[in-house]
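Chemist: Can you read through this structure? Questions will come right after.
The values are calculated or read from the model by the stated rules, or taken from the named source; none is laboratory data. Owing to the predicted nature of the structure, the values given are computational and were not obtained by experimental measurement. Using ideal geometry, Cβ is built from the backbone for each residue, glycine included, and neighbour counts are taken over all protein chains shown. Accessible surface is based on the protein model in full, side chains and every heavy atom, while ligands, DNA and RNA are left aside. Shrake-Rupley method; radii C 1.70, N 1.55, O 1.52, S 1.80 Å.
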Amino acid sequence: MSATLKTETEARTMNGAEIVLQALKDQGVEVIFGYPGGAVLPLYDAIFQQNAIRHILVRHEQAAVHAAEGYARSTGKVGVVLVTSGPGATNAVTGLVDALMDSIPVICLTGQVPTHLIGNDAFQEADTTGITRPATKHNYLVKDIGKLASTVHEAFYVAKSGRPGPVVIDLPKDILIGKGPYSEAPKTAHRSYRPMTEPDAGQIRAAVKLLKGAKRPVVYAGGGVINSGPEASRLLGEFVRMTGMPCTNTLMGLGAYPSTDPQFLGMLGMHGTFEANLAMHGCDVMLNIGARFDDRVTGRLNAFSPNSKKIHADIDPSSINKNVKVDVAIVGDAARVLAALVEAWREEGAGQDREAIAGWWRQIEGWRETRCLQYRQEGSIIKPQHAVKRLYEITREMRQETFITTEVGQHQMWAAQYFGFDRPNRWMTSGGLGTMGYGLPAAMGVQIAHPDALVIDIAGEASILMNIQEMGTLAQYRLPVKVFILNNEYMGMVRQWQELLHGSRYSESYSEALPDFVKLADAFHAKGIRVTRAEDLDAGIREMLAHPGPVIADIAVAKDENCFPMIPSGAAHNEMILAPGQAGGVAGVTDEGKVLV
Amino acid sequence: MPASTDTTFRNATIAVLVENEAGILARVVGLFSGRGYNIESLTVAPVDEARRLSRITIVTSGTDMVIEQIKAQLDRLVPVHKVSDLTLEGPHLAREMMLIKVAGRGEHRMEALRLADAFRARVVDATTESFVFEMTGAGEKLDAFIELMRPIGLTEVSRTGVVAIARGPGGLQA
């Protein structure tokens, strides 16, 4: 029976476009984000003639990739993008690098001129595999229709296994039109790419031994825990609670550990909390799970957590000992590492120095008393922190499933600081690449995956304009995304750095000639709301949330507010700048620091 | 200790077994240029046609941390099967081949021939006013021969770059 079926499948001949769609279906794809063009017309023709896969027409190819990222990050599935050759592919590049930096599984199908024209400077030809080689985890140019199906299957395997990432498949038009055989996903292992997911038992024992002896331990968890799936976050919670250790999350890791848990120290790094950064600085044993010692996290490397033994678990061996030399290296998937740690701790974890750890917590509580995220909302001018905090509190009251995306800048950091996440996959932000214009299309992708959920893009007035055309996509698909703009009429983070590092010379950072966002929403068939006074903020937020369709809420906030705490570039964790009026270390920025971004 | 204190450079000869496919060399070279690693020599050729394998030999230098990073970065390229640090993993042989053209007449010509003999270079082309020598050996030996030829009519040099293999019975397998 199965043999007959197999022969039937093997004998199936289709055109290239049908092969691609069949492979996508077999990989469980339900949605593609794309934009048509000459080179991909055969694929669009095949899409037209089927109903299994839904196509979402974006307004710019960059947005297609960010939408696929939002879809992937909120579901744990692979996001799929379809763009045409030449400008279609080059427009997608920013999205691809964004997905590469944040380890998001995305498949990007790009059209290409027919094989016999490749290299001839044909119309809408670009060397897509050449351009995207450093922008992807891997890429393919399919020149033989016999390998088309297997290439698509392999691309999915590469995109989602190991450290996930974007994969480009470049599809010449003659391959899409030509006839060839279809083959199902192979059951055999990949010839060369077999990432290690199971941690080494000896390294787990070494880690537990160090942690058991720790007097001032800290757990520092990142996006790898999110990428590993919800089980990893559950196990992280279990491990942190059973060991009684403090836990901090990176920007990418927010939601991996519940923000409302008393053992959570908040986010760490450049705009992390006082307590998280000082705990990192003062710890004697650090357990890093699925984070990569990014420069936003470490600050000045030679002053980073100077007296600690460091344990680093990562699925990507190249992330280990890249920036920071560690004492115990564990290569493996975060969930498997955490499961192994939980099990080993049950067997060998007894005998912690509870007194020392209680003392460590007393020290941490002392740092917490600084209340580094405290702000004073006085008068009518809305503090941006207050706007985010109220948004968080009001959405919590509503008890609706809520997903947050952001653009990039001050508003992004305030969102990270003041919006709490208790579960993974609810927070989508451009961490590694820092791509302005990410949030709106990412929110689109999230809303497609979760039609009944509340999806909010916390934005700045400058970032939102970078992919504002996607308001059209929201309208077309009736996606009720809420765009919550903290409008301070500045590229706020640029302005902040100019204030702190460049003598308050605000070179080109003022948002001149802004559109009327209410009219702009109206033009895109959405609802527009403008709030200018603190006393109207709650009503504005409620009005936004109550509206069943897409909304732009333009919140006029204090123009010169800075985002604190801040570890200035080139400074160490214990040289944080706090908000004016708060006690703590204050560091000047050195010339060396000025060079850093 | 932090990276900044690790400043001793070492050389490394790295053998990489890869899928013999379009773009693989660009991937490796792009990795080195994109991440700012040194390449002192890079050679590549198919070594197993049936299994579609090529072998790349890279000579590079850096701190231990950088060299470990280079190996990890190479190893995570999808078409890479194996990465081996020949310098670290035990004794190995490294050889380079060179074709070198020397033009001249009279005593210079005779001297070139005598030195070539001493260096075990082979004459692979000769005219009444020139020789092409073929020579294989360690890079320093080739360098020395080039320096000797310079004053007596060195015209052109073509070198392959280093190929290397570990001593002993073990082999680098996909």
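Chemist: In the list A:LYS160, A:LYS147, A:LYS143, which residue meets the criterion of being open to solvent by 10 Å² or more (accessible area, probe 1.4 Å), basic (Lys, Arg) and touching a helix residue (DSSP H, G or I) at 6+ places or on another chain (Cβ under 8 Å)?
Modeler: It is A:LYS143.
Chemist: Going by the conditions given, is A:HIS190 in a loop (DSSP other than H, G, I, E, B) and on the phi < 0 side of the Ramachandran plot?
Modeler: In short, yes.
Chemist: For the stretch A:254-272, state whether one or more residues are without any contact (Cβ under 8 Å) to a residue 12 or more places away in the chain and either more than 23 Å from A:MET413 (Cβ to Cβ) or surrounded by fewer than 23 Cβ atoms within 10 Å (Cβ to Cβ) (or both).
Modeler: Within the stretch A:254-272, one or more residues are without any contact (Cβ under 8 Å) to a residue 12 or more places away in the chain and either more than 23 Å from A:MET413 (Cβ to Cβ) or surrounded by fewer than 23 Cβ atoms within 10 Å (Cβ to Cβ) (or both).
Chemist: Which members of the stretch A:223-234 meet the condition of being touching a residue at least 12 places away in the same chain (Cβ under 8 Å) and surrounded by fewer than 24 Cβ atoms within 10 Å (Cβ to Cβ)?
Modeler: Result: A:GLY229, A:PRO230, A:GLU231.
Chemist: Continuing with this model, one more query. Scan A:VAL331, A:VAL342 and give me the residue that is within 26 Å of B:LEU77 (Cα to Cα), of a type outside the set (Ser, Thr, Tyr) and either touching a residue at least 12 places away in the same chain (Cβ under 8 Å) or more than 14 Å from chain B (Cβ to nearest Cβ) (or both).
Modeler: Going through A:VAL331, A:VAL342 in turn, just one is within 26 Å of B:LEU77 (Cα to Cα), of a type outside the set (Ser, Thr, Tyr) and either touching a residue at least 12 places away in the same chain (Cβ under 8 Å) or more than 14 Å from chain B (Cβ to nearest Cβ) (or both): A:VAL331.
Chemist: Also, quick follow-up: I'm told B:GLU134 meets every condition in (1) assigned to a strand (DSSP E or B); (2) open to solvent by 70 Å² or more (accessible area, probe 1.4 Å); (3) among the acidic types (Asp, Glu) except one. Can you identify the failing condition by its number?
Modeler: Here B:GLU134 meets the rest and fails (2).
Chemist: So A:TYR182 passes all but one of these: (1) within 11 Å of chain B (Cβ to nearest Cβ); (2) under 27 Å from A:MET14 (Cα atoms). Which condition number does it fail?
Modeler: So the condition that A:TYR182 fails would be (1).
This table checks each residue for (1) outside the structural domain of A:ALA475 (by the TED database); (2) under 24 Å from A:TRP427 (Cβ atoms); (3) open to solvent by 50 Å² or more (accessible area, probe 1.4 Å); (4) charged (D, E, K, R).
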residue: A:ILE19; (1), (2), (3), (4): yes, no, no, no
residue: A:GLN22; (1), (2), (3), (4): yes, no, no, no
residue: A:GLY34; (1), (2), (3), (4): yes, no, no, no
residue: A:VAL40; (1), (2), (3), (4): yes, no, no, no
residue: A:ASP45; (1), (2), (3), (4): yes, no, yes, yes
residue: A:GLN50; (1), (2), (3), (4): yes, no, no, no
residue: A:HIS55; (1), (2), (3), (4): yes, no, no, no
residue: A:GLU61; (1), (2), (3), (4): yes, no, no, yes
residue: A:ALA64; (1), (2), (3), (4): yes, yes, no, no
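Chemist: Moving on to the next point. So, of the residues in the stretch B:1-50 that are open to solvent by less than 50 Å² (accessible area, probe 1.4 Å) and in a helix (DSSP H, G or I), which turns out to be modelled with the lowest pLDDT?
Modeler: B:ALA3
Chemist: Being out of contact with any strand residue (DSSP E or B) (no Cβ under 9 Å at 6 or more places or on another chain) and under 23 Å from B:ILE67 (Cα atoms) is the filter; apply it to the stretch A:304-328 and report the residue that is nearest to the other protein chains (Cβ to nearest Cβ).
Modeler: Only one residue tops the list, namely A:SER318.
Chemist: Could you tell me which of the residues A:VAL208, A:VAL158, A:VAL168 is within 14 Å of another protein chain (Cβ to nearest Cβ) and assigned to a helix (DSSP H, G or I)?
Modeler: A:VAL158
Chemist: What pairs can you find where one residue is in the stretch A:132-143 and at the interface with chain B (Cβ under 10 Å from one of its Cβ atoms), the other is part of a loop (DSSP other than H, G, I, E, B) and of a type outside the set (Gly, Ala, Ser), and their Cβ atoms are less than 7 Å apart, with a gap of 6+ or different chains?
Modeler: Filtered contacts from the stretch A:132-143: A:HIS138/B:VAL78.
Chemist: Let me ask another. Find the strands (runs of 3 or more DSSP E) located wholly in the stretch B:53-121 whose residues include 3 or more that are more than 22 Å from B:GLU19 (Cβ to Cβ) and in contact with a helix residue (DSSP H, G or I) (Cβ under 9 Å, 6 or more places away or on another chain), and list them.
Modeler: B:53-63, B:92-103
Chemist: Would a scan of the stretch A:280-298 turn up a residue that is in contact with a strand residue (DSSP E or B) (Cβ under 6 Å, 6 or more places away or on another chain) and within 10 Å of chain B (Cβ to nearest Cβ)?
Modeler: There is no residue in the stretch A:280-298 that is in contact with a strand residue (DSSP E or B) (Cβ under 6 Å, 6 or more places away or on another chain) and within 10 Å of chain B (Cβ to nearest Cβ).
Chemist: Next up: Look through the stretch A:386-409, keep the residues that are of a type in the set (S, T, N, Q) and crowded, with 24+ Cβ neighbours inside 10 Å, and return whichever of them is farthest from A:ALA72 (Cα to Cα).
Modeler: A:THR406
Chemist: Of all residues in the stretch B:55-79, which are within 12 Å of chain A (Cβ to nearest Cβ) and open to solvent by less than 50 Å² (accessible area, probe 1.4 Å)?
Modeler: Answer for the stretch B:55-79, where residues must be within 12 Å of chain A (Cβ to nearest Cβ) and open to solvent by less than 50 Å² (accessible area, probe 1.4 Å): B:THR63, B:MET65, B:ILE67, B:GLN69, B:ILE70, B:LYS71, B:ALA72, B:GLN73, B:LEU74, B:LEU77, B:VAL78, B:PRO79.
Chemist: Let me ask another. Residue by residue through the stretch A:117-137, note down the ones that are touching a Ser or Thr at 6+ places or on another chain (Cβ under 9 Å), aliphatic (A, V, I, L, M) and either open to solvent by 50 Å² or more (accessible area, probe 1.4 Å) or more than 18 Å from A:PRO105 (Cβ to Cβ) (or both).
Modeler: Within the stretch A:117-137, A:ALA122, A:ALA126, A:ILE131 qualify.
Chemist: So if I check each of A:LEU278, A:LEU287, which one is open to solvent by less than 40 Å² (accessible area, probe 1.4 Å) and closer than 20 Å to A:MET242 by Cα?
Modeler: Exactly one of A:LEU278, A:LEU287 is open to solvent by less than 40 Å² (accessible area, probe 1.4 Å) and closer than 20 Å to A:MET242 by Cα, namely A:LEU287.
Chemist: All but one of (1) of a type in the set (Lys, Arg); (2) at the interface with chain A (Cβ under 9 Å from one of its Cβ atoms); (3) buried (at least 20 other Cβ atoms within 10 Å of the Cβ) hold for B:LYS82, so report the exception by its number.
Modeler: Every condition holds for B:LYS82 apart from (3).
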